[in-house]
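The values are calculated or read from the model by the stated rules, or taken from the named source; none is laboratory data. All of these numbers come straight from a predicted model, not from anything done at the bench. Backbone-built Cβ (ideal geometry, glycine too); neighbour counts: all protein chains shown. Quick note on the areas: whole protein, heavy atoms, side chains included, nothing else; ligands and nucleic acids left out. Shrake-Rupley method; radii C 1.70, N 1.55, O 1.52, S 1.80 Å.
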Amino acid sequence: MSRSGAVGRPAPWRDATRSLSAPLAVVDLDTFDINARDLIARAGDTPVRLATKSVRVRHLVHRALDVHGFSGVMAYSLAEALWLAEDGISDVLVGYPSVDTASLVALASNPAAREAITLMVDDVAQIALIERALIRAGSPGGPAVQVCIDVDASLRIAPLGVHLGVRRSPLRSPADAVALARAVERTGRVRVRGVMFYDAQVAGLGEAGLRGVGVRILKRASLRELAGRRPAVVAALEDHLGRQLLVNAGGSGSVHDVAPDPTVTEVTAGSGLFCPTLFDDYSGFTARPAAFFGLDVVRRPAARIATAFGGGYAASGPPGKDRLPRAVDGSALLRSEGAGEVQTPLRYRRGHRVPAIGSRVWFRHAKAGELLERFDAVHLVRGERVRETVPTYRGEGRNFG
């Protein structure tokens, strides 16, 4: 596949959306559905929990959940989790700890929500906030507040001072996890449902260029370390609690690596449905881009430069070229301007057709769901027709941070 991830591929969204105003976002439903089935196939018999932050379109969340093999969602906000539970999703795991007092009280006050939603914790201070929310809610009866213990899955090589992965949980060992589980269940109103190990250094790290060999070596080392530590943590927790737990792991880039572990009961994935540019350089699967945005050319300031309107949709994470959107026609952003707030100039190689004023240029975002935070609606294309235009989270007035 080319670095653009779309050059030479059929592009039905071009004709399907020709009459629509830009900037606009589209999702190719044929490719979205293929990607959904591919994630399920890579997971084998292990259920896949859908990461909603990588989608951020309620219609597409339900579309993915309709595919056999997806089970439950991982929300990125408790306020979002409450909204999704109201929408009928019965198993919502919140991927990050919440200190949103109003949402915690709303959860504590609603037995149905407590049945559907599982909070993420890695510190006794978070447990104290849950307890205070239960008190403010009047200590209602019904099911306990469910929590999942987040255990650090990064790779640490102490003698070299290496930390490969994201800075998430302070918990690493079986003793750490059991100590928090003991604090969780002390009052009987909060219950440990599961444990999570998110291997960002495997799931979210591409293998491009000269560094690819080194990245693959470190990924294998991390997977070996987790294959020993993860079962030990789970065994200690289940022995202490006297019951089996949900064990969540992985991401779109590591589904096939972690699903075979018999300790893991489910994997999480979401970005693999859209396959943004950060997913172009993985050796374990083929990225099939499904989400695009279009900008119109408004200027021709030089012979080989076309300037599009808007486009400054940089992705989160460490600043760098890989966090900027990429045009699918092979043109390059100008180093001096990049993707701009109001204009995005593109440089074309000699011999390459430079688009005329009024033409449309198509791009891919570096990350998945973040693209849809820029648009109120997304056009769902199948073949050469827009089958439906649906609101994004933003279009529904739902800003979860």
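Restricting attention to region 46-88, the residues that are among the hydrophobic types (A, V, I, L, M, F, W, C) and outside any strand (DSSP E or B) total 14. Is it true that some residue in region 316-323 is crowded, with 21+ Cβ neighbours inside 10 Å and either free of Cβ contacts under 8 Å to residues at least 60 places away in the same chain or under 27 Å from VAL381 (Cα atoms) (or both)? Scanning region 316-323 turns up no residue that is crowded, with 21+ Cβ neighbours inside 10 Å and either free of Cβ contacts under 8 Å to residues at least 60 places away in the same chain or under 27 Å from VAL381 (Cα atoms) (or both). Of the residues that make up region 291-306, is at least one surrounded by fewer than 20 Cβ atoms within 10 Å (Cβ to Cβ) and within 28 Å of the chain's Cα centre (by Cα)? No, every residue in region 291-306 fails to be surrounded by fewer than 20 Cβ atoms within 10 Å (Cβ to Cβ) and within 28 Å of the chain's Cα centre (by Cα). Residue count for region 41-64 satisfying the condition of being more than 15 Å from the chain's Cα centre (by Cα) and open to solvent by 30 Å² or more (accessible area, probe 1.4 Å): 8.
Taking the criterion of being of a type in the set (A, V, I, L, M) and either open to solvent by 20 Å² or more (accessible area, probe 1.4 Å) or not in a loop (DSSP other than H, G, I, E, B) (or both), the residues of region 259-274 that qualify are VAL267, ALA269, LEU273.
Exactly one residue out of LEU171, LEU237, LEU180 is modelled with pLDDT of 85 or more, touching a strand residue (DSSP E or B) at 6+ places or on another chain (Cβ under 8 Å), outside any helix (DSSP H, G or I) and surrounded by 19 or more Cβ atoms within 10 Å (Cβ to Cβ): that is LEU171.
Every condition in (1) part of a helix (DSSP H, G or I); (2) at pLDDT below 85 is met by HIS256 except one, and the failing one is (2). Among the residues in region 66-73, are any among the charged types (D, E, K, R) and touching a residue at least 24 places away in the same chain (Cβ under 8 Å)? Looking for residues that are among the charged types (D, E, K, R) and touching a residue at least 24 places away in the same chain (Cβ under 8 Å), one finds none in region 66-73, hence no. Regarding region 94-103, can at least one residue be identified that is small (Gly, Ala, Ser), in contact (Cβ under 8 Å) with a residue 60 or more places away in the chain, crowded, with 16+ Cβ neighbours inside 10 Å and over 24 Å from ASP199 (Cα atoms)? Looking for residues that are small (Gly, Ala, Ser), in contact (Cβ under 8 Å) with a residue 60 or more places away in the chain, crowded, with 16+ Cβ neighbours inside 10 Å and over 24 Å from ASP199 (Cα atoms), one finds none in region 94-103, hence no. No other residue among ASP91, ASP28 is of a type outside the set (Gly, Ala, Ser), closer than 30 Å to VAL298 by Cα and open to solvent by less than 50 Å² (accessible area, probe 1.4 Å) apart from ASP28. In region 8-28 there is no residue matching the filter, namely being assigned to a helix (DSSP H, G or I), at pLDDT 95 or above and either more than 18 Å from the chain's Cα centre (by Cα) or among the charged types (D, E, K, R) (or both).
Go through (1) in contact (Cβ under 8 Å) with a residue 60 or more places away in the chain; (2) of a type in the set (Lys, Arg); (3) within 30 Å of PRO170 (Cα to Cα) one by one and return the number of the condition ARG114 breaks. Answer for ARG114: the failing condition is (1). When you look at ALA356, is it surrounded by fewer than 17 Cβ atoms within 10 Å (Cβ to Cβ), in contact (Cβ under 8 Å) with a residue 40 or more places away in the chain and assigned to a loop (DSSP other than H, G, I, E, B), yes or no? Yes.
Each row is one residue, and each column tells you yes or no for (1) modelled with pLDDT of 95 or more; (2) among the hydroxyl-bearing types (Ser, Thr, Tyr); (3) touching a strand residue (DSSP E or B) at 6+ places or on another chain (Cβ under 9 Å).
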site: ARG58; (1), (2), (3): yes, no, yes
site: ASP66; (1), (2), (3): yes, no, no
site: GLY72; (1), (2), (3): yes, no, yes
site: ILE89; (1), (2), (3): yes, no, yes
site: GLY95; (1), (2), (3): yes, no, yes
site: SER98; (1), (2), (3): yes, yes, yes
site: THR101; (1), (2), (3): yes, yes, no
site: ALA116; (1), (2), (3): yes, no, yes
site: LEU119; (1), (2), (3): yes, no, yes
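Scanning region 325-337 turns up at least one residue that is of a type in the set (A, V, I, L, M), open to solvent by 10 Å² or more (accessible area, probe 1.4 Å) and not in a strand (DSSP E or B).
Consider region 341-352 and keep the residues that are touching a strand residue (DSSP E or B) at 6+ places or on another chain (Cβ under 9 Å) and not in a strand (DSSP E or B). The one that is least open to solvent (accessible area, probe 1.4 Å) is TYR348. Being of a type outside the set (Asp, Glu), farther than 25 Å from GLY188 by Cβ, under 19 Å from the mean Cα position of the chain (by Cα) and surrounded by fewer than 16 Cβ atoms within 10 Å (Cβ to Cβ) holds for only one residue in SER71, SER77, and it is SER71. Do the conditions hold for GLY311, that is, is it part of a strand (DSSP E or B), surrounded by 18 or more Cβ atoms within 10 Å (Cβ to Cβ) and touching a Ser or Thr at 6+ places or on another chain (Cβ under 9 Å)? Criteria not met by GLY311.
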